[in-house]
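The values are calculated or read from the model by the stated rules, or taken from the named source; none is laboratory data. What you see is a predicted model, and the numbers here were worked out from it, not measured in a lab. Positions of Cβ are generated from backbone atoms using ideal geometry, with glycine treated the same way; all protein chains shown enter the neighbour counts. Each accessible area value is taken on the protein alone, full model and side chains, heavy atoms only, with ligands, DNA and RNA left out. Shrake-Rupley method; radii C 1.70, N 1.55, O 1.52, S 1.80 Å.
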Amino acid sequence: MNDITPTREQREAALEGMGCKRKRVEDVRFTQGQGQYVDDIKLPGMVFGDFVRSPYPHARITKIDATEALKIPGVIAVLTAEDLKGVNLAWMPTLAGDVQMVLADGKVLYQNQEVAFVVAENRYIADDAIQLVEVDYEELPVLIDPFKAMDPDAPVLREDLEGKMEGAHGPRDHHNHIFKWHVGDSEETAKAFSEADVTIKEMISYHRTHPSPLETCQCVASMDKVKGELTLWGTFQAPHVIRTVASLLSTIPEHKIHVIAPDIGGGFGNKVGAYPGYICSIVASIVTGVPVKWVEDRMENLSTTSFARDYHMTTELAAKADGTVTGLKVHVLADHGGFDACADPSKWPAGFFNIVTGSYDFPTADLTVDGVYTNKAPGGVAYRCSFRVTEAAYCIERAMDVLAQKLDMDPADLRIKNFVRQDQFPYQSALGWEYDSGDYHTAMQKAMDTIGYRQLREEQKAKQEAFQRGETREIMGIGISFFTEIVGAGPSKNCDILGVAMFDSAEIRVHPTGSVISRMGTKSQGQGHETTWAQIIATEIGIPADDIMVEEGNTDTAPYGLGTYGSRSTPVAGAAIALAARKIRNKAQMIAAHMLEVSEYDLEWDVDGFQVKGNPQARKSMKEIAWAAYNAPPPNLEPGLEAVSYYDPPNMTYPFGAYFCVMDIDVDTGVAKTRRFYALDDCGTRINPMIIEGQVHGGLTEAFAIAMGQEIRYDEMGNVMGASFMDFFLPTAVETPHWETDHTVTPSPHHPIGAKGVGESPNVGGVPAFSNAVNNAFQFLGSTHIQMPHDAWRVWQAAKDLGAHD
Ligand code: CDP
């Protein structure tokens, strides 16, 4: 007996494949300060670009004079819209089919809009020069309130669109109207409402916030005029799309553009789109012939590059007296700012908002979204969510609580009564989606049992009675959120960006000694792809994850992919990885059969190699097969062991979760303390439970920030408030609650490894849980809905309005 032969379990453990809590390999460099970010790039002769920005939210520009600025030693150039017109780049297309000024062309539409680009030897000189660029503005009437955008006398914001009553998404009803999007059955829904025992109607706003990654948006553009090649390093969540767009705009052939996204310090949707900074850096490098760096500061990031949300959702539910829901009607007023720069797949002007029926079996629904222009920064990006799914989850989860209140029913019981049942999957929703899988009842029961839901309700009732008797000034709220996500954009029949179909890709190359390099079309911004992608490959082809190097972000080497956002990486690229690995395993089987002199049908896969069925001693490991693949392949089989897969998913994946938040609120100070937060997630097959837990912790922290204070506000004059971390709530470990995490596993039936995305779920599900907790606390005082964010001042004000204090 050879007792040093590892057991099957030992061989499996050595792979560190799927299901293993493998430590993040990228952290070796991050924790030692060795990450390579855009701002670490220093090229010979590199200069810096910075923007002159508008102090006014709506104004005509009558003069730009850079004479004094150009006199400062070290200032190289000052670009304006007139210069960009010479290369046809004064305006650029947005991801939403609109156009956007790169530099102000005759007028500005929001405060801090880019007016001129100063190029100087260093950033300090550029900043000094900015002060000396003279710009004359003629102020125009300002439009901030989206509800007034379509008033007959509302100021005309987009003069370039004057007279155009057709936009990228159909007819426009007003000069500030962008689109109207309708889905669902209006007649059936009206009938459901007319026959309902109970209806509710509430205007639920999801305020304007911002992804605010710690690393801001930035790039370095370097034009080699001799070779006619452009290299662009940048904080790009979708490097290949940036290359394609850069080629189309600049007419530089795509193979002569090299886009490289190095390490990225958080994206959260902020780094998907194209910004004036990128275009101006490219043009400046072409003009000056030297590399140009542009790095946003925090205020520029918060006030100009891509906000999120700003959805105002008038929501109506119809139900029978026993709580069975019979209809849903939502009208959304979507404030897109000065340009429609939403990051949504082209066919979906409101993203996947039509997942608004949530986890419930609505027989009919009717959804309309109106997008409008205002004098605010453009954006509307998917801040850690899958294209407006966060707004949808907040809308339905808040509305279900309001309905429960009207029916005098427990909100958990109302949800359970209306859940899509397990036997209904695949489930066709009233607004057009096919939910692939789910087991909502099991997840909800597990969550309720774990937190002791019924006891908490009893405690809450006792506290309310004590409050009414004047014995305490503290009230208690229990927030429930049972959300369904839709991630994995996407089937190319449904999803494209500017005509580029949303598939994804993986290339795996096994070297002769059995180590691996693998490249993907995705780009991690902190999600740990280098760790988890290797785990999928390890399980599929039996090579230890430590022997697999994962590389992303270089368009010269990676196969074409649509990048990382909206939790699409695991559902799409994760599938491509598994399928590319399976191609390699198939070829390996042919090689092993040749080596063992048997038919390939006589072989079976066993953890890390092939063995002859019924004779496990006759086996070849993947390492042995890899050597043979190059050096002794079977006759008629070409040497080498590598594969590429481009994966166009048949459907999205539908992760879900049950979140509970228990909150204690002091009505006299408005301070809300999260006593417990329990998050149960179901993301199908779990690749790395530790990374999932990290993703959930991070997303919940963002959800806490958004619900409890984070906001980009504008005053009535159009001044942007909250554009620094002094005012914009970014929670630290001090404020952040303790998280309890849990899971169930319902694999996706169409995904090769059954995995669904998870990165967005905690943001999507967390916000309604927090908001429902605050709202639930005040319900017994007669309130139905209090708008977010629930910072102490607003909570104190709500308590005052409800008569809880003077
Ligand atoms: O697209 P993005 O990477 O932001 O989101 P994701 O696909 O949800 O993946 C986030 C991280 O969680 C990645 O490292 C995934 O590999 C990991 N994950 C996992 O371990 N198991 C899942 N079922 C889903 C994601």
Which distance in nm do the two modelled labels at Glu600 and Ser724 give, with both placed 7 Å along the Cα-to-Cβ direction?
6.5
May I ask you to list, by number, the DSSP H helices of the chain whose Cα span along the axis is at least 24 Å and whose average Kyte-Doolittle hydropathy reaches -1.0 or more?
389-407, 574-596, 689-708, 761-779
Accessible surface of the range 86-223, 1.4 Å probe, proportion on carbon and sulfur as whole %:
49
Estimated inter-spin distance, Leu214 and Thr324, nm [label 7 Å along Cα→Cβ]
5.2
Quick check: convex hull over the Cα atoms of the range 1-159, volume per residue in Å³, rounded to an integer?
257
Residue-averaged [θ]222 nm for the chain, counting only DSSP H segments that reach four residues, each worth -39500 (n - 2.57)
-8500 deg cm²/dmol
Net charge, His258 excluded, C-beta distance under 11 Å - Lys, Arg +1, Asp, Glu -1:
-1
Measuring from the lowest to the highest alpha carbon on each principal axis, how far does the range 520-629 reach, largest first, in angstroms?
47, 23, 21
Distance in nm between Lys417 and Glu166 label points, each 7 Å along Cα→Cβ, equals 4.9
Determine the sum of side-chain charges near Phe419: Lys and Arg each +1, Asp and Glu each -1, restricted to other residues whose C-beta is under 12 angstrom from that of Phe419.
-1
Could you bin all the Cα-Cα distances of the range 294-369 into 10 Å bins starting at 0 and give me the percent of pairs in each, rounded to whole numbers?
15, 37, 26, 14, 7, 1
If you split all Cα-Cα distances of the range 72-229 into 10 Å bins from zero, what percentages do you get per bin, shortest first?
7, 22, 30, 21, 12, 5, 3, 0
Could you look at the range 427-557 and say what percent of its accessible area is carbon and sulfur, using a 1.4 Å probe and all protein chains?
48
By the scheme Lys and Arg +1, Asp and Glu -1, what is the net charge of all other residues having a beta-carbon under 15 Å from that of Tyr137?
-3
A correct Karplus calculation of ³J(HN,Hα) over the range 299-309, with 6.51 cos²θ - 1.76 cosθ + 1.60, θ = phi - 60°, whole Hz and x for Gly and Pro, returns 5, 4, 4, 6, 9, 10, 8, 6, 6, 9, 6
Would you work out what percent of the accessible area of the range 652-736, with all protein chains in place, is carbon or sulfur (probe 1.4 Å)?
58
Counting only Cα atoms, I'd like the Rg/Rh figure for the chain, Kirkwood definition for Rh.
0.99
First measure r as the distance between the Cβ atoms of Arg473 and Lys406, then evaluate 1/(1 + (r/R0)^6) with R0 = 30 Å and state the FRET efficiency to the nearest 0.05.
0.60
Per residue, how much accessible area does the chain show when a 1.4 Å probe rolls over the protein heavy atoms, in square angstrom?
36
In the range 645-681, which residues have a backbone nitrogen under 15 Å from the label point lying 7 Å from Val745's Cα in the Cα-to-Cβ direction?
681
Cross-link partners of Lys613 among lysines (Cα-Cα below 26 Å; sequence separation of 8 or more within a chain)
Lys583, Lys587, Lys623
Note: His511 to Ile72 extended length (0.36 nm per residue) minus current alpha-carbon separation gives 152.5 nm
For Glu551, which sequence-distant residues (separation of 5 or more, or a different chain) have an amide H within less than 5 Å of its own amide H, given hydrogens modelled in the peptide plane?
Ser518, Arg519, Met520
For the range 1-78 versus the range 198-232, the gap between their alpha-carbon centres in whole angstrom
14
Want the number for Asp806 to Asp153: 0.36 nm per residue separation, take away the alpha-carbon distance, what's left?
231.1 nm
How large is the dipole of the chain about the Cα centre if only Lys and Arg carry +1 and Asp and Glu carry -1, each at its Cβ, rounded to the nearest 20 debye?
1140
Give, as ranges by residue number, the residues of the range 43-63 whose backbone N falls under 14 Å from the point 7 Å along Cα→Cβ of Val87.
49
Contour excess over end-to-end distance, with Cα ends at Asp145 and Gln445 and 0.36 nm allotted per residue
103.7 nm
What does the convex hull of the Cα atoms come to per residue for the range 394-506, in Å³?
184
Looking at the range 589-721 from every direction and averaging, what is the projected area of its Cα convex hull in nm²?
17.0
Please compute the Kirkwood hydrodynamic radius of the range 113-182 from all pairs of different C-alpha atoms, in Å with one decimal.
15.5
Could you tell me the calculated FRET efficiency between Arg675 and Asp185, based on Cβ-Cβ distance and R0 = 41 angstrom, to the nearest 0.05?
0.45
In whole Å, what is the distance between the alpha-carbon centres of the range 624-653 and the range 124-143?
58
Charge dipole (debye, nearest 20) of the range 271-395; +1 at Cβ of Lys and Arg, -1 at Cβ of Asp and Glu:
320
For Thr784, placing the label point 7 angstrom along Cα-to-beta-carbon and taking the range 191-220, residues whose amide nitrogen sits under 15 Å are 197-205
